[in-house]
Amino acid sequence: MKLNHIKVSTRLAIAFGAVLFITAVMAGIGVWRLQELVQTTRMLAQEDNEKLQLAVRWRQTIDLNWIRTRAAILDSDLSRVPMWQAEMDKTSELTQATRKRIIELVQTDAGKQLIADIDAAREAYRTPRAAVVKARMAGEDVSAALERDLKPLAEAYINSILKLEQRQQAIYDETLKAAEDKAAMGRTILILGGVLATLLGAGAAFVLSRSITVPLRAATESARRIAE
């Protein structure tokens, strides 16, 4: 069936329908990609960011208490040791709250294993630390034990938390890259859809105009010949 045999109104409807269809498909895909981007951004801004910040805070509180432990043990004035201990206890409360929250958020087996490793390193460090501080409060010189025994345990404890922090940083970076990729893909889809809709509209307009103007010119030429 030739295009010229179709009514003009039908041709117009087909042309505009095709353009509208392409536009609707483009809009639907764009909305779908944007929705995915919203979900990824929400995860990035909330859960992944919170876990990363908690891991950083956890390590920082342990770093701080290790510095205080060294200060308390090396302090020549034993009367200040209880003050150091009180400050460490206060920071430990923050550490426990941080640990509790990150346990609630971490759901993967790899993350849970890292937390189990941290707890093991923590237990290996706490008992010797308490014994060294107690001996120091009793007036003993425990500086050698501090460097020989306690320091490696403290470093192992801190490094175990650092591994969790590094993992959360990697997850955060991956989520950020996924968000950027989805934004780029959505932008590409919208651009391609717009170009396609424009080309289709231009093509439809050209074909439609020729289907109308060519018969009109032919009719005009026939009328002229009849008149002559």
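Residue 83 sits with roughly 90 Å² accessible to a 1.4 Å probe, with DNA, RNA and ligands left out of the calculation.
Once the Kirkwood radius over Cα pairs is known for region 100-148, the Stokes-Einstein relation at 4 °C and 1.567 mPa s delivers a diffusion coefficient of 100 µm²/s.
Pairs 100/182; 134/163; 90/177; 112/177; 51/182; 90/134: which are spaced more than 27 Å apart, C-alpha to C-alpha? Violating the 27 Å limit, Cα to Cα: 100/182; 134/163; 90/177.
The values are calculated or read from the model by the stated rules, or taken from the named source; none is laboratory data. In this text the structure is predicted, and so the values were computed from the model without any measurement. Side chains included, ligands, DNA and RNA excluded: accessible areas come from the protein's heavy atoms. Shrake-Rupley method; radii C 1.70, N 1.55, O 1.52, S 1.80 Å.
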